[in-house]
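Everything below concerns the one structure shown next.
The values are calculated or read from the model by the stated rules, or taken from the named source; none is laboratory data. Keep in mind it's a predicted model, so treat the numbers as computed, not measured. Glycine also receives a Cβ, built like all others from the backbone with ideal geometry; neighbour counts cover every protein chain displayed.
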Amino acid sequence: MEPEVRLVEIWLNSQNFLTMTNVGAKGGKEIDILGIQVENGELKKRRHVEVSCWSGGSLSRTSGHPKGTKFNNPSEVAEYFADRKFNDHRIVEKVSSILGSS
């Protein structure tokens, strides 16, 4: 497990979330963290968390982005990763199978 994922997992655990990390999905996809928070025997919250960390460099070029293409602003970076890490049908299917649909 990557240290940044572990750090976020520790924080979620400190907020009374039960967590699963590095959950595999179809097509080689992976979910960083799934968590649930239970209060008085009832599901209170559920979370799907993806963690990314950059140590220098620019967000205008990011691994996994189509070769030769640059992001023009941080909103494009966020949109790209949201589509890739949260909206991919294989990810949605796996999250729903574990946490249910929201």
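Restricting region 26-35 to residues that are surrounded by fewer than 18 Cβ atoms within 10 Å (Cβ to Cβ) and not basic (Lys, Arg), the residue that is nearest to SER52 (Cα to Cα) is GLU30. The set of residues in region 36-50 being assigned to a strand (DSSP E or B) and under 14 Å from PHE86 (Cβ atoms) consists of ARG46, ARG47, HIS48, VAL49.
The lone criterion from (1) touching a helix residue (DSSP H, G or I) at 6+ places or on another chain (Cβ under 9 Å); (2) at pLDDT 75 or above; (3) over 30 Å from PHE17 (Cα atoms) left unmet by VAL51 is number (3).
On the stretch given as region 5-35, residues that are part of a strand (DSSP E or B) and either under 17 Å from SER101 (Cα atoms) or within 15 Å of the chain's Cα centre (by Cα) (or both) total 12.
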